[in-house]
Amino acid sequence: MRAAFRYLGRGSWLSGRDPRVLILAPLLLVVASSQLSDIRQLLVVVVLAYGYYSLARIPWHSVRAQWLYLLAVIGFYSLLNGLIAGGRVGVFAESEPHVLWTIPPFGWDITAEAISVAATRFVRVIALALVGFPIAFAMAPGDFGVALRRLGLPDRLAVMVDLTVRFIPTISDEFSDTVDAQRVRGYDPTARRGGPITRIRRMAPVFVPMTVGSLAGAEDTIDAMDLRAFGTGRRVWYRALHFEWMDWLVVGAFGTVVVTAMALNWAGLSEHYLLPFLVR
Amino acid sequence: MTTMTQAAPSPWSITTRTIVYAAIGAAIYAVLNYLSFGIQVPWSQEVSIRPQYGVVTFVGFTFGPIAGFLTGFVGNTVGDQLAYQDGFGYWWWSVANGLAGFVAGLFPLWMASRMTSAGSKAVTAAVAGVVATVVGFLFIFVEMAILPESTFDVMLTLNYIPVVIVNSIAAAVVTPILVLAWEPLRDQLGR
């Protein structure tokens, strides 16, 4: 499996937007979703986020695995851990919980409150993922650096992020090569047995040579940048960005969601909502 | 004979070397986060077994606090974006990773006089990794102020303690191994 940002949404309406829009939208939605606790309001946010996501025209078959992983694994663990937490949070903390059933061997109470809180957390993650996908799939990987620079990040840090994104496919290939080389020596990357320490130790023959080799190879990059006088003056970026009225419109829409969410929170209108069909 | 001396750069300066080493560290962290994202810690809230976490403390310990912070912060953000398409959703976890790298980078500044041999350096690296994890990940308690359903008990028992245990093990095992592997190369490279 090769790790890389894939530009699947190339040519879509969203990919034609200024890349700063694709970074600002999830940032704003993070703020908005953190203000909301009511699952009904978060479901409205999910609908809006889905509208935004659909503008990226990301082919379903190409991201099916990611979505299934997100829905199944993250959803399962969110629900499982939400249940263990007992749902005694927020407005539910002081009230008597509605016990639906008890898991026999452990005596854990499964409450309507716990399921409601877990569902709320799950819906929030889905909303964030919907606006996060376009960053990975509808933004040219080469635009990360310049977009962050134009958002106010210092040149050196923008270059650092740019380099990180560019290094990912290289590092990923190096990882595969190292696994193959170690497999020839008898290493079994598919072994699943053992606890955390065993698993960590089992990965050492892969990531130690990979890490040390990559860092040793960085000297060429450092020399190349130093020879081009990196960091001695103001940097000029090849790609020019222009924020158009449509970009303002999208950012403005997300800004409106943030303001609305904050207003609901401050007014006390976004408390945890007990799913009614659980307590009938 | 003419000799030329060059002052060592301040650990707080952001040089080309800081940028490139941090970028490589972050890329390694992100890629390995992506490739091992399926190993969840049971009975925890989205805490994963991440042996690659040792790369964060190693970069901090070896290349300084700034490189450590950037490796942890950017690596975790990009890794989450690759794995979950949600790099910003839990930004406080990324900051916590960055702080761990930062704290690990402070140890060589405080304890330079005690690191006289490769063995003592490895032991210091292991201690630095564990302390950095315990201190850096305190930042995740910020979640209580951000997400309404998070309580102190949940944060402590289902997030902080599992992640500190798992990451401390990773840091204590991986950081000294990487330090010992890097030292001879560092001498060869003249850094």
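The values are calculated or read from the model by the stated rules, or taken from the named source; none is laboratory data. Because the structure is a prediction, the values reported are computed rather than measured. Virtual Cβ from ideal backbone geometry, glycine too; neighbours counted across all protein chains shown. To get the accessible areas, we keep the full protein, side chains included, count just its heavy atoms, and leave off ligands, DNA and RNA. Shrake-Rupley method; radii C 1.70, N 1.55, O 1.52, S 1.80 Å.
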I'd like to know if the stretch A:206-216 contains one or more residues that are over 20 Å from A:ARG183 (Cβ atoms), open to solvent by 20 Å² or more (accessible area, probe 1.4 Å) and without any contact (Cβ under 8 Å) to a residue 12 or more places away in the chain. yes
Hits in the stretch A:128-154 - residues which are within 10 Å of chain B (Cβ to nearest Cβ) and either closer than 15 Å to A:PHE5 by Cβ or of a type in the set (D, E, K, R) (or both): A:GLY132, A:PHE133, A:PRO134, A:ILE135, A:ALA136, A:PHE137, A:PHE144
Name every residue in the stretch B:17-60 that is open to solvent by 10 Å² or more (accessible area, probe 1.4 Å), more than 22 Å from A:ALA136 (Cβ to Cβ) and modelled with pLDDT of 75 or more, in order of residue number. B:ARG17, B:THR18
What pairs can you find where one residue is in the stretch A:231-257 and farther than 30 Å from B:ILE14 by Cα and surrounded by 11 or more Cβ atoms within 10 Å (Cβ to Cβ), the other is modelled with pLDDT of 85 or more and small (Gly, Ala, Ser), and their Cβ atoms are less than 6 Å apart, with a gap of 6+ or different chains? A:PHE254/A:ALA25; A:VAL257/A:ALA32
Considering each residue of the stretch B:142-163, count those that are open to solvent by 40 Å² or more (accessible area, probe 1.4 Å) and either under 16 Å from the mean Cα position of the chain (by Cα) or closer than 18 Å to B:GLY72 by Cβ (or both), and give that number. 1
If you check A:ASP220 against the conditions, is it in a helix (DSSP H, G or I), loosely packed, with under 11 Cβ neighbours inside 10 Å and without any contact (Cβ under 8 Å) to a residue 12 or more places away in the chain? yes
From A:LEU278, A:LEU274, A:LEU269, A:LEU227, residue being more than 29 Å from A:ARG6 (Cβ to Cβ) and in contact with a Phe, Trp or Tyr (Cβ under 9 Å, 6 or more places away or on another chain): A:LEU274
